[in-house]
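Down below is the structure, laid out as structure tokens.
The values are calculated or read from the model by the stated rules, or taken from the named source; none is laboratory data. Computed from a prediction, not measured in an experiment: that's the story for all the values here. Cβ placement follows ideal geometry from the backbone for every residue including glycine, while neighbour counts extend to all protein chains displayed.
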Amino acid sequence: MDRPKWMRATPYVCALLVTGFFTTILVWIAVTEPERRWWVAGDLVVGIGGLVLLRVRHRAPFAVALITAAATLMSTTVIGPAFVAYVSLTTHRRWGRIVLAALLLWTATAVYSSGDGITQQLILAVSTTTLSIIALTVAGLYLRSRRDLETERAERHAEEQRRQLEQLEQARLNERARIAREMHDVLAHRISLLSLHAGALAHRTDLTAEDVRAAATVIHESAHQALTELRATLGSLRDTSSTAPPQPSWTELPALLDEVREAGQSVEVSDEVTGVAQLPAQIGRHAYRIVQEALTNARKHAPGARVEVLMRGRPGRELHLRISNTLTLGRVDPSSGGLGLIGLTERVNMVSGTLTNRVANGRFILDATLPWEMPS
């Protein structure tokens, strides 16, 4: 991960401070001992070269660490860059290279300080170098651990953001699917009724002008009601605070059955449901949509066929719906696909129910079972 500019400049500042400290000593030596000026100049050149090498330490940490460590054999001003290069190497946690660079740095410093033999100055230099290498190793490992922690946090944050975006996108897809399902349930029912009325109007030749006006009025009212229900559906789906009418439930089933009968569909109902007052609203809404879709499919795929609707259930058990109709020759099997049965399957799955359809004895049978739990 990218670090701030001031943090990236910290290693150079540390190297410059150490180099500046030794440069001050060398300048004092050059002033007090003029004959050693060329030696001082060479030391400074090596130190400056070490500072330049630090710019490529991330691309070649091992090479830079070895070169700067070896350079301490002939220069004190390069100690700062050598320390920084060694810390950079330890952050990579390659112990073979770390041990080799540490031994080279320690040996080069000891050799440089042993010009006058084993003296107190040599012992001090070796001890200081040993402690410095240990401290630098700990510092490098700490920096690596901190960077790993920062990287882990950044990755976790990015993963959380991705997960939130995925959840948001999934919520949008679910909402779109829900809108499509509700729109299909509403429009398919209304449009099938319109088709039934319009078909009768087109094929009947014995209708009077009054009958034609009455049929046209029914078609107009059905179309208007379809638009009203569509607006109500979209309003309730898009705005939870909307004052749109609630979605139809079990109590609206008689009105639905009366409506389709008035449109000419033959429907026989057997109602064996007890304790309707305790039926959960969600289960009642799904039951309404199941019956509505089954009647719509019958009008589309088996026009004129008698539909049988069996409903039975009681609190604490299950609500079972069976809707069946005879098949019409030449018509498409209602179970062959489409949004209708797919939408019903999704509805039933949401409440852990079951939905099956089959063709038996020339009839298409739709069975739905919805859980009916007792209120707590």
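Condition first: closer than 30 Å to Arg153 by Cα, outside any helix (DSSP H, G or I) and out of contact with any Leu (no Cβ under 8 Å at 6 or more places or on another chain). Can you find one or more residues in segment 3-16 that meet it?
yes
Name the residue, out of Ile48, Ile67, Ile29, that is over 22 Å from Thr137 (Cα atoms), out of contact with any strand residue (DSSP E or B) (no Cβ under 9 Å at 6 or more places or on another chain) and at pLDDT 85 or above.
None of the other options fit; the residue is Ile48.
Kindly check whether there is at least one residue in segment 107-118 that is modelled with pLDDT of 85 or more, farther than 18 Å from Phe22 by Cα and either among the polar types (S, T, N, Q) or exposed (fewer than 14 other Cβ atoms within 10 Å of the Cβ) (or both).
Within segment 107-118, one or more residues are modelled with pLDDT of 85 or more, farther than 18 Å from Phe22 by Cα and either among the polar types (S, T, N, Q) or exposed (fewer than 14 other Cβ atoms within 10 Å of the Cβ) (or both).
Quick check on my filter: what residues within segment 282-294 are in contact with a Ser or Thr (Cβ under 7 Å, 6 or more places away or on another chain) and closer than 15 Å to Gly313 by Cα?
Selection gives Gly284, Tyr288.
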